[in-house]
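S.K.: Dumping the structure here so I can ask a few things about it.
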Amino acid sequence: MSRNLFLDILYPRHCPVCHEITVPRGKKICDTCKEKLRPIQGPRCFCCSKPLERAEQEYCKDCGKIRQFQQGLGIFPYSTLLQNSLFQLKYGKRQEYGTFYGELAAYYSRDKIKNWEIDMVIPIPLHPRRLEKRGYNQAEIIAQAFGKKLDISVEKKILKRQKNTKPQKELNHQERKKNMKNAFVVQKKLNGENILLIDDIYTTGSTIEEAAKELKTAGAGKIFFLTIAIGADS
Ligand SMILES: [Zn+2]
Ligand SMILES: [Zn+2]
């Protein structure tokens with residue numbers, strides 16, 4: 001019996017779309033669920049890649065001003081499907097979804113990542129207290145799978161969360177910014193490296209902005225980001 005088959009009997013993989021044990025068993029997603037997972041199509045913000053209503057717009061509302069990051073990419077629209085799936089990844093102990101999404105994100109972003117000349121991947125860290133409670137950092141699982149596929153090193157110790165912030169979803173735009181202020185600290189001096197920040201969801205960008213600001217202050221080069229889901233322009 002192969003090791004994978006053995007593990008699948010003990011811990012069968014669940015499907016990130018229907019949340020049942022995958023059909024056929026052992027696959028990362030059901031054959032029939034695959035087609036429901038579609039990356040974003042159509043006009044997108046030049047800077048953060050948010051889906052836009054009209055192509056003439058060029059930038060979303062949030063990217064009209066100067067950004068700390070260079071550019072970013074969100075793979076899937078933040079639909080009900082992705083909301084449920086990422087919720088299970090975060091709170092439902094479905095770590096396998098993180099690996100699945102990390103590999104898929106690598107597949108969809110390969111060309112862009114090459115152009116960006118990334119030196120290292122940094123997952124958005126959780127506060128130590130939250131990490132202890134949850135047992136794992138979903139962004140880290142995504143980043144590991146992503147980095148492995150594209151052969152880019154994943155640095156987990158450079159960026160640290162020093163503030164146990166409130167969940168962003170309960171806050172409006174201004175409150176989000178305030179909530180994230182000084183949330184991160186950089187533990188190492190940097191030397192012009194281009195960094196790709198990885199997180200599960202991008203909404204207004206205040207988390208990425210705050211992390212990018214700290215990394216640049218510490219000497220990083222250009223900052224980019226990649227997230228599995230990205231909200232629409234509001
Ligand atoms: Zn399924
Ligand atoms: Zn934007």
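S.K.: More than 27 angstrom separation, counting every C-alpha pair in the stretch 73-200; what % is that?
M.R.: Taking all Cα-Cα pairs of the stretch 73-200, the fraction more than 27 Å apart is 20 percent.
S.K.: Where a ≥ b ≥ c are the square roots of the eigenvalues of the C-alpha gyration tensor, would you call the stretch 131-204 rounded, which needs a/c under 1.5, or, failing that, prolate if a/b is larger than b/c, or oblate?
M.R.: Values: a/c = 1.77, a/b = 1.46, b/c = 1.22.
It comes out prolate by the Cα gyration axes.
S.K.: Which lysines have a Cα less than 20 Å from the Cα of LYS90, not counting those fewer than 8 places away in the same chain?
M.R.: Counting by Cα, and skipping residues close in sequence, LYS90 has these lysines nearby: LYS28, LYS133, LYS156, LYS160, LYS163, LYS166, LYS169.
S.K.: Based only on Cα atoms, what Rg/Rh ratio does the stretch 1-106 have, Rh being taken as Kirkwood's radius? Show your work: numbers first, answer last.
M.R.: Working: Rg = 17.3 Å, Rh = 15.8 Å.
Ratio of gyration radius to Kirkwood radius for the stretch 1-106: 1.09.
S.K.: In angstroms, what radius of gyration and Dmax does the stretch 185-226 have, counting Cα atoms only?
M.R.: Calculated on Cα positions, Rg and Dmax stand at 10.1, 29 Å.
S.K.: Let me ask another. With charges only on Cβ, +1 for K and R and -1 for D and E, what is the dipole size of the stretch 128-234 about its Cα centre, in debye, rounded to 20? All intermediate terms of the calculation are to be shown ahead of the outcome.
M.R.: Numbers: 22 positive and 13 negative charges, 102 e Å.
The calculated dipole for the stretch 128-234 is roughly 480 debye.
S.K.: Once every DSSP H run of n ≥ 4 in the chain is given -39500 (n - 2.57) and the sum is divided by its residues, what mean residue ellipticity at 222 nm do you get, rounded to the nearest 500 deg cm²/dmol? Don't skip to the end; give the middle numbers.
M.R.: Values: 7 runs with 82 residues, N = 234.
Result for the chain, helices only: -11000 deg cm²/dmol.
S.K.: Which trypsin sites (Lys or Arg not before Pro) in the stretch 1-87 sit in a loop by DSSP (not H, G, I, E or B) and have at most 10 other Cβ atoms within 10 Å of their own Cβ?
M.R.: Working: sites: ARG3, ARG13, ARG25, LYS27, LYS28, LYS34, LYS36, ARG44, ARG54, LYS61, LYS65, ARG67; in loops: ARG13, ARG25, LYS27, LYS28, ARG54, LYS61, LYS65, ARG67.
Passing sites in the stretch 1-87 are ARG54, LYS65.
S.K.: Of ALA106, ASN137, GLN41, whose Cα points farthest to the positive end of the dipole of the chain (charges on the beta-carbon: +1 Lys, Arg; -1 Asp, Glu; origin at the Cα centre)?
M.R.: So the residue furthest toward the plus end is ASN137.
S.K.: Beyond 20 Å between alpha-carbons counts as too far, so tell me which of LYS112/LYS148; LYS93/LYS177; LYS157/LYS189 fall in that bin. Show your work: numbers first, answer last.
M.R.: Numbers: LYS112/LYS148 17 Å; LYS93/LYS177 29 Å; LYS157/LYS189 12 Å.
Checking Cα-Cα distances, LYS93/LYS177 exceed 20 Å.
S.K.: State to the nearest 20 debye the size of the charge dipole of the stretch 1-92 about its Cα centre, where the only charges are +1 on K and R beta carbons and -1 on D and E beta carbons. Walk me through the intermediate numbers first.
M.R.: Working: 15 positive and 8 negative charges, 41 e Å.
So the magnitude is around 200 debye.
S.K.: Using just the C-alpha positions of the chain as equal point scatterers, what log10 of I(q)/I(0) does the Debye formula give at each q in 0.07, 0.10 1/Å?
M.R.: Cα-only, vacuum Debye calculation for the chain: -0.22, -0.46.
S.K.: Give the span of the stretch 44-119's Cα atoms along each principal axis, as three whole-Å numbers ordered largest to smallest.
M.R.: 39, 30, 21
S.K.: With +1 on the Cβ of every Lys and Arg and -1 on the Cβ of every Asp and Glu, and nothing else charged, how large is the dipole of the chain about its Cα centre, in debye rounded to the nearest 20? Before the final figure, lay out the partial values.
M.R.: Working: 42 positive and 26 negative charges, 145 e Å.
So the magnitude is around 700 debye.
S.K.: Based on the inverse mean of 1/r over its pairs of different Cα atoms, what is the Kirkwood hydrodynamic radius of the stretch 82-132, in Å? Mind showing how you got there, number by number?
M.R.: Values: mean 1/r = 0.0773 Å⁻¹.
Its Kirkwood hydrodynamic radius stands at 12.9 Å.
S.K.: For the chain, what is the relative contact order in percent, using Cα pairs closer than 8 Å and at least 6 residues apart in sequence? Mind showing how you got there, number by number?
M.R.: Numbers: 422 pairs, mean separation 51.6, N = 234.
Relative contact order comes out at 22 percent.
S.K.: Not counting the cut sites, what is the longest span of the chain without GluC sites (Glu not before Pro) that DSSP labels loop and that have at most 13 other Cβ atoms within 10 Å?
M.R.: Details: sites that count: GLU20, GLU53, GLU117.
With a cap of 13 other Cβ atoms within 10 Å, the longest stretch comes to 118-234.
S.K.: Of all the stretches in the chain, which is the longest one without any exposed loop site, taking chymotrypsin sites (Phe, Trp or Tyr not before Pro) in a DSSP loop (any state but H, G, I, E, B) with at most 15 other Cβ atoms within 10 Å? Provide the component values of the computation, followed by the final result.
M.R.: Values: sites that count: PHE46, TYR136.
The segment 137-234 is the longest one with no such site.
S.K.: Something else now. If you take the beta carbon distance between GLN88 and ALA218 as r and set R0 to 41 Å, what does 1/(1 + (r/R0)^6) give as a FRET efficiency, to the nearest 0.05? Write down the numbers at each step before the final one.
M.R.: On the way: r = 34 Å, r/R0 = 0.84.
Efficiency, rounded to the nearest 0.05: 0.75.
Throughout, read-outs are computed from the coordinates displayed, never taken from laboratory work. Just so we're clear, the structure is a prediction, and the values are computed from it rather than from any experiment. Methodologically, a virtual Cβ is constructed for each residue, glycine included, from the backbone with ideal geometry; neighbour enumeration extends over all protein chains shown.
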